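The values are calculated or read from the model by the stated rules, or taken from the named source; none is laboratory data. Bear in mind the structure is a predicted one, so any value in this text is a computation, not a measurement. Don't worry about glycine lacking a Cβ; one is built from the backbone with ideal geometry, like all the others, and counts go over all protein chains shown.
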Amino acid sequence: MGEATELLDHGSERAKVESWRLHVLIEAGYPLPLAEKVAAALDADLHEAVELVAKGCDPQTAAEILL
């Protein structure tokens, strides 16, 4: 496999992960623009993001904590 193909595969895999994270965040109650930011920040803990909102934290505040 060539270097370009490996980069495409890595980018494609990252896009799949971000897409899945975005779906989870929207389902948890994050508005789309905020969900996109949190989903793209792969170092932001997705489980914590969902749990914060489930416990009553405003999504904006939760995103500020995570990012």
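Numbers below:
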| item | result |
| --- | --- |
| Helices (runs of 4 or more DSSP H) (entirely within the range 17-67) containing at least 2 residues that are among the polar types (S, T, N, Q) and in contact with an Asp or Glu (Cβ under 6 Å, 6 or more places away or on another chain) | none |
| Subset of the range 14-31 [on the phi > 0 side of the Ramachandran plot and of a type in the set (D, E, K, R)] | none |
| Scan of the range 9-23 for residues that are without any contact (Cβ under 8 Å) to a residue 24 or more places away in the chain and among the hydrophobic types (A, V, I, L, M, F, W, C), ordered by number | A15, W20, L22 |
| Subset tally (residues that are farther than 21 Å from K55 by Cβ and either within 10 Å of the chain's Cα centre (by Cα) or surrounded by 15 or more Cβ atoms within 10 Å (Cβ to Cβ) (or both)) for the range 23-40 | 2 |
| Where a residue in the range 24-44 is under 21 Å from G11 (Cα atoms) and its partner, wherever it lies, is among the hydroxyl-bearing types (S, T, Y) and assigned to a loop (DSSP other than H, G, I, E, B), with Cβ under 8 Å and at least six apart | V38/Y30 |
| Restricting the range 5-23 to residues that are modelled with pLDDT of 90 or more and of a type in the set (K, R), the residue that is nearest to A39 (Cα to Cα) | R21 |
